[in-house]
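Just so it is clear, none of the values below were taken in a lab; they were calculated from the coordinates. Predicted, not measured: the structure shown is a model, and the values here were computed from it. Virtual Cβ from ideal backbone geometry, glycine too; neighbours counted across all protein chains shown.
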Amino acid sequence: MFGRQKADHSRPLTHREILIIMSSLMTGMLLAALDQTIVSTALKGIVEDFNGLNHYSWVVTAYLLTSTASTPLYGKISDLYGRRPVYQFAIVIFLIGSFLAGASTSMEQLIATRALQGLGAGGLMGLTFVIVGDIVSPRDRGKYQGLFGAVWGISSVAGPLLGGFFSDNETIFGITGWRWIFYINLPFGLIAMVVTAMVLHIPKVKREHKIDYFGALLLVVAVTMVLIGLSVLGPEDGWTEPRTLAVIITGLIVTFFFVAWEKKAVEPIIPMELFKNRTFTLTSIIGFIVGAGMFGAIIMLPLYLQIIQGNSATSSGLKLIPLMLGILTFTVTSGRMITKTGKYKIYPVVGTVIMSLGIFLMSTAKVDTRYLQIAIFAVIIGGGLGLCMQTIVIALQNAVDFKDLGIATSSNTFFRTLGGAFGTAVFGTVFSNQVSKNLKENFTTFAEVNPGELATIDTGLIESLRTNTESIATLPENIQLIILEAFSSSFHTVFLFAFPVVAIAFFFALALEEKPLQDSASHASARQDAAGESLN
């Protein structure tokens with residue numbers, strides 16, 4: 001049993017021991033990462049089944065929302081009960097959510113079950129980097145975290161391909177094709193359970209904690225209400241409607257109470273003292289912005305390729321490969337360079353510039369833009385992401401005391417995922433609003449120039465385009481063109497809106513301090529000291 005093992009905190013783990021543990025973490029990470037990317041190319045087919053294009057972002061946002069809110073809790077609970085059982089609990093919750101998501105019969109059910117999936121994913125994503133921080137020194141962490149860049153690369157290529165394949169098939173073994181994007185998680189999950197049971201044996205430093213359940217409740221309520229106001233009520237009811245304003249203002253008030261409560265809580269979910277650490281504050285802000293840009297790109301690119309360029313779901317998955325190659329190449333390369341030189345600040349500085357450039361270039365894409373240009377833009381965005389994602393985690397973990405490693409790392413993951421949730425919701429809202437506006441303007445202009453030509457077109461069909469794009473192909477070619485121009489202009493607005501948001505991260509990256517990275521001996525000593533303190 002894992003609880004009977006006597007951990008030796010006095011020595012660094014060998015390279016072989018680290019790789020064995022990494023194999024279990026990579027399996028769990030693959031499970032969660034695959035489910036983020038596999039949905040992207042299948043979203044079009046899913047929302048057309050449920051007539052829910054105007055709510056498509058919530059299929060992603062619900063997942064991100066619950067994974068975000070649960071991430072800080074997993075760090076503390078794993079301190080109490082050990083990393084492995086809590087990690088395996090996260091896998092089980094994730095698999096239950098996956099099965100129920102595949103069985104959904106409405107958009108509402110799908111969103112709810114995706115939220116359940118997110119509860120499990122919060123543990124898989126958050127605990128992975130906590131465990132890496134437990135066993136590997138900051139100086140050596142770059143080359144090992146590069147392995148997770150490989151996992152992201154594999155999942156980000158395999159995910160869209162699988163999602164596209166399932167979505168393009170009407171049925172597979174008598175089950176609607178897109179439902180397999182959730183059922184495919186079941187065998188992966190069983191493999192992850194077996195692998196973690198066999199190899200996830202790490203030194204256990206137990207610290208007694210009291211879980212701040214009330215703080216967790218305030219956090220969930222605050223984030224949920226603000227997101228609902230921004231991405232659901234605002235676009236549908238209007239931004240000045242009393243109900244919209246009431247929900248957003250209430251969410252902000254609950255946020256204020258959350259901060260006040262955390263300041264006096266014995267065991268806060270997010271200790272406010274951590275914000276006194278300059279590196280923690282800066283990496284949290286950078287993580288939030290990068291998360292927003294990452295999820296915005298991963299969700300918007302497949303939609304652009306399918307709606308504007310008429311690619312199938314499988315084809316759009318293949319055409320995401322440049323984005324993922326950019327992430328993979330730059331993550332692995334920067335990780336090795338960090339281990340070799342001990343320097344890390346330059347990578348998020350350059351990465352934020354590159355990512356901003358890529359997003360700006362994507363805003364220039366039109367209906368007739370060649371795929372080669374889109375591929376180049378995607379590589380640039382992916383390269384910027386690859387330089388930023390792991391580097392800010394290394395900088396953070398190097399700057400905090402070992403006793404704060406778990407909560408600091410899970411908090412950083414929390415802010416990155418929160419950025420993804422807000423980015424997906426806000427960018428989705430901008431997109432939906434622009435589609436409605438552009439369709440109305442384009443058809444009005446067309447009717448003025450070509451009076452009577454729209455008389456043969458069902459007005460209900462045109463109105464339905466806001467929630468279902470499947471009927472575009474059935475319309476006359478000149479009508480298709482003005483519809484595609486409306487959608488293309490909407491994507492242009494989204495990426496142009498995202499550009500200054502992501503560009504701001506450059507200034508925060510510039511403000512990071514370059515601190516010497518701990519080597520293996522110093523890291524092992526810090527772990528031993530923390531173990532001794534926990535027993536006193």
*Pop out the Kirkwood hydrodynamic radius of the range 42-121 from its pairwise C-alpha distances, inverse of mean 1/r, in Å to one decimal.*
13.2
_If neighbour count is taken as other Cβ atoms inside 10 Å, put 262, 241 in order from fewest to most._
241, 262
_Ranking request for peptides 250-259, 26-35: highest mean number of other beta-carbon atoms within 10 Å first, then the rest in descending order._
26-35, 250-259
